[in-house]
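Structure record follows, encoded as C-alpha cells.
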Amino acid sequence: MPSLTSPAPAGTARSVTARRLTAVGAALLAALLCALTVGANTASAHATLTSTDPRDGSVVQTAPTQITLNFSEGVLLSDDSMRVLDPKGKRVDSGTPGHVGGKTSTAAVRLHSGLPDGTFTVAWKVVSEDSHPINGAVTFSIGAPSKTSVTVSQGGESDSTVGTLYGIGRYVAYGGFAALVGASVFAGVCRSSRSVRKIAVGGWVTLFAATLVLLLLRGPYTDGEGIGAVLDLGGLGDVLSTKPGAAMLSRLLLLGAAAVFLAVLFGTYTRRTEEAEAAEAADDDEEYAGIDHGRRQDLAFGLGFGGTVVAIGLAATWAMAEHASVGIQKELAMPVDVLHLLAVGVWLGGLVSLAVALRAGEPVGRTAVRRFSRLAFASVVVLVLTGLYQSWRQVGSWKALTGTEYGKWLLLKVGLMAVLVGLAAVSRRWTGRLLDAAEDGAGESAPAEGPKAGTKIKAKTKVAAAAPAGRTVSARSGGKGEDAAEDDAGSDSGSGVAADPVRSAQLARQRAAVDRTAALRERDADPVRGGLRRSVLAETVVAVVLLAVATVLSGTQPGRAETAQPAAAAAPDPLGVDPVSVEIPYDTGNKSGRGKAVVMLDPALPGDNSLHVFLLDRADRPVDAEEVKLSLTLKEKAIGPLRVPLRHLSTGHWSTESVRLPLGGAWQISLTVRTSDIDQVTETKTVKIAQ
C-alpha cells in the first residue's frame with residue numbers, strides 16, 4: 001500500500017474529479033426533476049371514454065332512465081363521479097353512480113323521471129385503476145337540441161401546483177424506499193456503520209414523510225382542485241376508500257414495522273456483532289465464549305425474514321395500485337413489479353451506502369466489497385429480466401416504442417441502464433484489483449483491512465479510553481508513545497491547560513481535525529480504492545437519474561394503451577346501430593401536417609345522423625388543427641355540397657349534433673384540414689349510405 005505521505009496533488013485531482021461528477025449528476029437530476037414535474041401535468045390519461053348511452057351529441061325522443069359511460073379500462077368511482085345537468089344547470093341524477101354488470105370499465109347513474117325536452121350535459125370525473133385521474137363531458141338532447149347554460153371542462157388536467165408537488169412526492173417516495181431497503185441490506189450483509197445507519201434511517205423518514213404528503217395531496221390531485229384543498233381533511237376518508245389511498249395507508253403501517261426492524265438491526269444485532277468481532281480480534285477466549293452465538297444467528301435469521309416480508313409489502317403498495325395492477329397478465333405483472341422494485345432498492349440504496357462509506361474514508365473491508373459486488377450483479381440480472389417483461393407488457397409493439405411518449409422515456413431508461421451496467425463492470429474490475437492486492441500483500445506488514453482490523457483499533461481505543469483524562473492519545477499520534485503522552489499531559493496540567501475546559505475542547509477539535517485529515521490522506525493514497533470510489537460515485541449519480549426517469553414512466557400512459565385509444569374512440573357503439581366510418585389520409589405540406597382523419601356517420605341512414613371527425617397523427621395520437629371543414633355531396637342526384645358545421649369537443653375530435661341526409665347512395669365527403677395560416681389541404685372520400 002502506498003505511504004500515507006503520498007503527494008497531495010493526486011488526491012486533490014481525484015477530489016476535483018469527484019466534485020465534477022457530483023456537479024454533473026446534480027445538473028442531470030435537476031433537469032430530470034423538471035421533466036418529472038412536466039410529466040406530472042402533461043401525461044395522457046390512462047383510460048379513455050369509448051362510448052356513451054345515449055351517444056354524445058345524439059337526440060332521443062324519450063327521456064332515458066340512466067346514463068351509461070364505457071371506458072377502455074377499469075375506473076374507480078366516487079359519489080360525485082357523474083353529474084347530469086339540465087339546460088339550466090340543475091342536477092337531474094340520483095348522485096350515486098355505480099358499475100354495471102360487474103364491469104369496472106362501465107359506469108352508470110340513474111336519472112329523475114319526467115325530464116323536459118332540451119340539451120343535457122353529463123360531466124364525469126373518474127380515476128383509472130392505475131391511480132391517474134381523468135374527466136370530461138358529453139351532451140345529449142331529449143326531443144330537440146336547445147340552448148344550455150352549462151359550461152364544463154372537456155378533459156381538463158389537475159391543478160398545476162398540485163400536479164407538480166404530487167410528481168415530486170412520488171419521486172421522493174421511490175428514493176426513500178431505495179435508501180431504506182438498500183442501506184438495510186448493505187448493513188446486514190456487507191458492513192454496518194454510522195453513515196449506512198444514517199442512510200437507512202433517512203430513507204425511512206423520507207418515505208414516511210413523502211407518503212403522508214401524497215396522501216394529503218391525493219384528494220386535490222384527483223378532483224382537480226387547488227393547493228388550498230389540502231387543508232380540507234373532510235375528503236381524506238374518500239381517498240382512503242380508494243385503492244391508491246388504501247395502498248398508501250398500508251405503506252404507513254408497514255413503515256411502523258420497518259422502524260422496529262431498524263431499531264433491532266442497528267441496535268441489538270450490531271452491538272452483538274461488534275462484541276463478537278472484538279473478542280475474536282483480541283483472541284480472548286473467555287470473552288468470546290461468553291457471547292451467545294446461537295442467539296445472534298437466530299436474531300440474524302429473524303431480521304432477514306422480517307425485513308424481507310416488510311420490504312415485499314412496501315413494494316407491493318406500488319405494484320397493487322399502479323401500472324402493474326391493470327392491463328394484460330396483471331396476476332403475473334404485480335409480483336414481477338415487486339421483484340423489480342426490490343432489485344432497484346437493493347442496487348441503488350447499496351450503491352449510495354458504499355459510495356458514502358468510501359467517500360468518508362471508513363474501513364470498508366474487501367469482504368464487504370466482494371459481497372456487495374455479488375448483490376449488485378444479482379440485482380442487475382433481476383432488473384434486466386423483469387424490465388424486459390414489463391417493457392413488452394406496457395409497450396406491445398415497435399410502433400408504440402418509437403411513436404409514444406412512454407416508448408421514448410423507456411428508450412431513455414434503457415440507455416441509462418446500459419451506461420449503468422458499463423459503470424458496474426468498471427467497478428467489478430476495481431473490486432478484482434482490490435482482491436488481487438490483498439493476496440499479493442498477505443505477507444507484508446501493511447495494516448490489515450476489513451472488520452478484523454477495525455475491531456483491533458476499537459480494542460486499542462477501549463484501552464485508551466480507560467486511561468485517566470488527559471492521558472488519552474490519538475490512534476494516529478505518530479511516533480509518540482504512552483509515556484510521551486503522559487509527559488504532555490503532565491506538562492499541560494502543570495501549566496493549567498488541563499483545568500481549562502475551553503482549551504480542552506479546542507484541543508479535542510484539533511485532534512479530531514488531524515484524525516480526519518489523516519483518514520482522507522490514507523483514503524486518497526490507495527489508487528485501487530480511489531478508482532473504486534470514483535466508479536461507485538459515477539454509478540450512484542446515473543442510478544439516481546435513472547430513478548427519476550422511472551418515476552416519469554410510472555406517471556405516463558403505457559404505449560399499448562395509448563395506441564389502442566384512437567381505435568377505441570372510433571369503435572362502433574355496442575348499444576346502438578353500427579355507424580359507418582371512413583379513413584381519409586391528409587398532408588398539408590409542413591412537418592407536423594401529415595396524418596389521417598376518421599369520419600364517422602351514425603346511423604348512416606337517410607334522415608338525421610350524428611357526425612364525428614377524429615384527427616390522428618402518424619403515431620395514431622389525437623392531434624388538433626387550426627381549422628377543420630366538411631361538406632357532403634350526392635353527385636348522382638345533384639344534391640350538395642351540404643356544409644356541415646363542426647364543433648370542437650376535445651383534442652383531435654370535432655362533431656356535429658345532427659346532419660340530415662335526404663337520400664341514400666354514394667355520398668362524397670370533402671374534408672378540409674388547415675394546420676397553419678398557409679398550410680391547408682382538401683381530401684375527398686366516398687361513403688355508402690343505405691337506401
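Using a probe of 1.4 angstrom, how much of the accessible area of the stretch 597-691 is carbon and sulfur, in percent? Solvent-exposed carbon and sulfur of the stretch 597-691 make up 47 percent of the total.
Computed on the stretch 131-267, with alpha-carbon pairs under 8 angstrom and 6+ residues apart, the relative contact order is 26 percent.
Amide H contacts of Thr656 (H built 1.01 Å from N, in plane; Pro and chain starts excluded): Leu611, Arg647 sit under 5 Å, all sequence-distant by 5 or more or on other chains. Between the amide H of Gly365 and those of Gly450, distances stay under 5 Å, these residues lying 5 or more places away or on another chain, with hydrogens modeled in the peptide plane.
Here r is the Cβ-Cβ distance between Ala263 and Ala505 and R0 is 41 Å; the resulting FRET efficiency, rounded to 0.05, is 0.80.
The H on the amide N of Ile639, modeled in the peptide plane, is under 5 Å from the matching H of Leu634, each at least 5 residues off or on a different chain. Based on protein heavy atoms only, the stretch 115-249 ends up with 39 Å² per residue of surface accessible to a 1.4 Å probe.
Taking 7 Å steps out from each Cα toward its Cβ at Val681 and Leu605 produces label points 3.6 nm apart.
With 27 Å as the limit on Cα-Cα distance, the pairs of Lys125/Lys591; Lys330/Lys413; Lys103/Lys330 that go past it are Lys125/Lys591.
Where the centre of each part is set by its Cα atoms, how far does the stretch 90-132 sit from the stretch 356-396, in angstrom? When both Cα centres are located, 48 Å separates them. Karplus-based coupling profile of the stretch 254-259, in residue order and whole Hz: 5, 5, x, 5, 5, 5, with θ = phi - 60° in 6.51 cos²θ - 1.76 cosθ + 1.60 and x standing for Gly or Pro.
Residue-wise HN-Hα couplings along the stretch 652-657, as the Karplus relation 6.51 cos²θ - 1.76 cosθ + 1.60 with θ = phi - 60° gives them from phi, are x, 10, 10, 8, 9, 5 Hz; Gly and Pro carry x.
The values are calculated or read from the model by the stated rules, or taken from the named source; none is laboratory data. Fair warning: this is a prediction, and the values are worked out from it, not measured in the lab. All Cβ positions, glycine included, derive from the backbone under ideal geometry; neighbour counts span all protein chains shown. Ligands, DNA and RNA are excluded from the accessible area calculation, which covers all protein heavy atoms including side chains. Shrake-Rupley method; radii C 1.70, N 1.55, O 1.52, S 1.80 Å.
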